[in-house]
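Asks: One structure, pasted below without further comment.
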Amino acid sequence: ILVYCLCIFSISCSNNSSHINTNLIPVKSGEKWGYINKKGEYIINPQFQDAEFFRDGLAKVQSIDGKYGFISEDGKYKIPAKYKDGTPFKNGLAFVVSDGGYPTCIDNSGEIKFVLKQAKYAFWFTEDLAMFQSTDDKFGFVDPSGKVVINAQFESARPFNEGYAAIYQNKKWGFIDKKGKVVINPQFEGVMDFYNNKAVFYNNKQCGYIDTKGSYIINPQFDGATSFNEGFAIIISGNNVGYINEEGKIE
């Protein structure tokens, strides 16, 4: 049930969906990926082993030899395919990693901004902070200058949204602010990101909603739920799916 709840949320409200150019759509033809427009016409012919949506004018693609690079909207490489992996661009920055190398932050011209030698994984920037996983498997956050502003100390975490990031400690989820202060103690079996100052939480097989202080605003009573959008949220109760308003009343 929780997985189902999270899947709905990730599709409809994920940070990853922001700044996507939907005028160019990655599609697979045979064994190769290319891009079509909304009319279904090929704009970039199939030639990649893998391809992602354009963000910030660049798309991460995987070449036939398995390396990753970034193309511009004319289909030409802006940053050569020479990396083992990488994140999409966000606000002009992305992380890449070479074989045997460290997560490296580059700008949209491919210039290196900094290297995270204390990390084995780095995630894209969200609200000017990027989450990273340290070599001892703890999670922290770094700013665009490469300064670690929140030390790697959490068992797991998620990127910031609306000024808060979900963190996982001792098998429970809570939230921190951008200074790394725990503002909602880890106490939930599962949480989703804050949207419109509300977050879904999950305890004892039931979903409800909290505010940014961690107080219940809608008691746990649903089998699944999504974040609010334009005053309404989707909820699952048994075999039924419906909508609630921000007071928790079924519409």
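The values are calculated or read from the model by the stated rules, or taken from the named source; none is laboratory data. This one's a predicted model, so the numbers in the text were calculated from it and none came from an experiment. Just so you know, the surface numbers come from the protein's heavy atoms only, side chains and all, with ligands and any DNA or RNA stripped out. Shrake-Rupley method; radii C 1.70, N 1.55, O 1.52, S 1.80 Å.
Asks: State the percent of C-alpha pairs, over all pairs in the range 197-251, separated by a distance greater than 14 angstrom.
Replies: When all Cα pairs of the range 197-251 are counted, 45 percent exceed 14 Å.
Asks: Going by amide H atoms built from the backbone, whose H comes under 5 Å of the H on Leu93, apart from near neighbours?
Replies: HN-HN under 5 Å from Leu93: empty list.
Asks: Another question, then. Most fluctuating residue of Val191, Val149, Val241 in a GNM of the chain with Cα springs under 10 Å: which is it?
Replies: Result: Val241 has the largest fluctuation of those listed.
Asks: Counting only protein heavy atoms and a 1.4 Å probe, tell me what percentage of the range 93-228's accessible area is made up of carbon and sulfur. Please report the intermediate quantities before stating the final value.
Replies: Working: 2670 of 6060 Å².
Whole-percent figure for carbon plus sulfur exposure: 44.
Asks: Could you tell me what percent of the accessible area of the range 16-82 is made up of carbon and sulfur, with a 1.4 Å probe and every protein chain present?
Replies: The nonpolar share, carbon plus sulfur, comes to 47 percent.
Asks: Let me ask you something else. Can you work out the Karplus-derived ³J(HN,Hα) for every residue in the range 221-231? Use 6.51 cos²θ - 1.76 cosθ + 1.60 with θ = phi - 60°, whole Hz, and x for glycine or proline.
Replies: 7, 10, 7, x, 7, 10, 6, 7, 9, 6, x
Asks: Amide H of Ile218: which non-local residues (sequence gap of 5 or more, or other chain) have their own amide H closer than 5 Å, using H built in the peptide plane?
Replies: Amide H neighbours of Ile218: Tyr209.
Asks: Of the residues Asn203, Asn37, Asn239, which exhibits the maximal mean-square fluctuation in a Gaussian network model of the chain defined by a 10 Å Cα contact cut-off?
Replies: Greatest mean-square fluctuation among the candidates belongs to Asn239.
Asks: To continue, here is another question. Per q in 0.11, 0.17 Å⁻¹, report the Debye log10 I(q)/I(0) for the chain, using one uniform scatterer on each alpha carbon and no solvent.
Replies: At q = 0.11, 0.17 Å⁻¹ the computed log10 ratios are -0.69, -1.21.
Asks: Return one whole number: the accessible area per residue of the chain in Å², for a 1.4 Å probe.
Replies: Accessible surface, normalised per residue, equals 51 Å².
Asks: Now, a different point. For Thr126, what accessible surface area do you get with a 1.4 Å probe? Give it in Å², rounded to 10.
Replies: 10 Å²
Asks: Shifting gears a bit: Please tell me the relative contact order of the chain in percent, rounded to the nearest whole number, where contacts are Cα pairs under 8 Å and at least six residues apart.
Replies: 9 percent
Asks: With the chain treated as a Gaussian network of Cα nodes joined by springs under 10 Å, which of Asn240, Asn185, Asn21 yields the largest mean-square fluctuation?
Replies: Of Asn240, Asn185, Asn21, the most mobile in the Gaussian network model is Asn240.
Asks: Next up: Give me, ordered by chain and number, the residues 5 or more places off Phe125 or on other chains with an amide H under 5 Å from its own placed amide H.
Replies: Lys90
Asks: I'd like the distance between the alpha-carbon centres of the range 47-117 and the range 192-251, rounded to an integer number of Å.
Replies: The two parts, judged by their Cα centres, are 37 Å apart.
Asks: How much accessible surface area, in Å² rounded to 10, belongs to the heavy atoms of Asp99 with a 1.4 Å probe?
Replies: Approximately 100 Å² of Asp99 is accessible to the 1.4 Å probe.
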